[in-house]
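Just so it is clear, none of the values below were taken in a lab; they were calculated from the coordinates. Small disclaimer: the values here were computed from a predicted structure and weren't measured. We place every Cβ from the backbone using ideal geometry, glycine too, and count neighbours over all the protein chains shown.
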Amino acid sequence: MILLDGKKVSKERNLKLKEDIQKAVEKYKRPPKLAIILVGNNPASLSYVKGKNKACKLVGIENDMYHLDENISEKELRNLIISLNQDDTVDGILLQLPIPKHLDEDMFIDLIKREKDADGFHVINQGYLYQKKKTIYPATPKGIMTLLNTYEIDPKGMRAVVIGRSNIVGFPVARLLMDRGATITVCHSKTKDLGYHTRQANIIVAAVGKPKIVTKDMVKPGAVIIDVGVNRVDGKLIGDVDFHQLEDVASYMTPVPGGVGPMTIHSLLENTFELYMEHVKKD
Ligand code: GUN
């Protein structure tokens, strides 16, 4: 089994991105800037945001952090997003999800100006993706596709089974794999006999958030396994895939941690730089 080493690939690509950003800063006289909004103190979100913050600094992306109270009103959050939309020094905005239940997540995602949507979650940007048009892609699916490209894994003609149908990962990654010529099955919580589907797969993308639900008996020998799961069990990070069981079965596999996670952050940095380039070219 060959490890799909997201940590290594993202590190190499971040170095290249840093150079590209340096050149752009010389030309356009200001660095890219990402505004990160975190509402409340969800421990996983805090940790993700810290990682994003650190990665931005590493490649030369400026970073404004807005850590808001759990009980913030809809009006206050709306005012902040509107002011960031209007702020000409801000290129990208990221609203860390989930947000507290009293706030309308979809409404706030779509309130972020489409041209500053670093996550690619805006309904119009997702619409472009589903119509196979150029747009900002959600970071996790984009990172997965970059990882497959780097290891020269061509999805063309393959059967791909995606477990999970979220707007953030499952659905968009299915679309991107289909664009690359794979035949797609999307499984989810209502799927009967998950193993029946996964056993036919040449590529499995597991994005359900359930520790080790993909086991040896569910995987065809030689399959490529992409594990998006980040489950905290007894203080340890565990994927959706039983890594040790599959070491002798898979041809390629991502570890958790160190697989999809760092590629997601790298893609967010790429997205921010893309938004910046569009922004400065317009000025
Ligand atoms: N929560 C879990 N994943 C993500 C992500 O990629 N972006 C944002 N904004 N929130 C998330």
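Tabulated data for the structure shown
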{"quantity": "Between helix 6-28 and the chain: long-axis angle, C-alpha atoms, 0 to 90°, nearest 10", "calculated": "20"}
{"quantity": "Protection proxy ranking, peptides 52-64, 147-159, average beta carbon neighbours within 10 Å, highest first", "calculated": "52-64, 147-159"}
{"quantity": "Between helix 139-150 and the chain: long-axis angle, C-alpha atoms, 0 to 90°, nearest 10", "calculated": "60"}
{"quantity": "Percentage, to the nearest whole number, of Cα pairs in the chain over 36 Å apart", "calculated": "15"}
{"quantity": "Counting all C-alpha pairs of segment 216-259, share separated by more than 14 Å (%)", "calculated": "43"}
{"quantity": "Projected-area average for segment 94-195 over all orientations - Cα convex hull basis, square nanometres", "calculated": "7.7"}
{"quantity": "Built amide H within the under 5 Å cut-off of residue 214, gap 5+", "calculated": "241, 242"}
{"quantity": "Histogram of C-alpha separations across segment 4-109, 5 Å bin width, %", "calculated": "2, 11, 19, 19, 18, 13, 10, 6, 1"}
{"quantity": "J(HN,Hα) series, segment 80-95, from Karplus relation 6.51 cos²θ - 1.76 cosθ + 1.60, nearest Hz, glycine and proline x", "calculated": "5, 5, 4, 5, 5, 4, 8, 6, 6, 8, 9, 9, x, 10, 10, 9"}
{"quantity": "0 to 90° range, to nearest 10: angle between helix 170-179 axis and the chain longest Cα axis", "calculated": "80"}
{"quantity": "Protection proxy ranking of 232-244, 197-209 - average other beta-carbon atoms within 10 Å, highest first", "calculated": "197-209, 232-244"}
{"quantity": "Distant-in-sequence amide H partners of residue 187 (H built 1.01 Å from N, under 5 Å)", "calculated": "162, 163, 164"}
{"quantity": "Range of Cα positions in segment 186-283 per principal axis (Å), largest first", "calculated": "56, 32, 28"}
{"quantity": "DSSP-defined antiparallel bridges as percent of all bridges, the chain, nearest 5", "calculated": "10"}
{"quantity": "At most 10 other Cβ within 10 Å, DSSP loop - trypsin sites (Lys or Arg not before Pro), segment 70-134", "calculated": "101, 133, 134"}
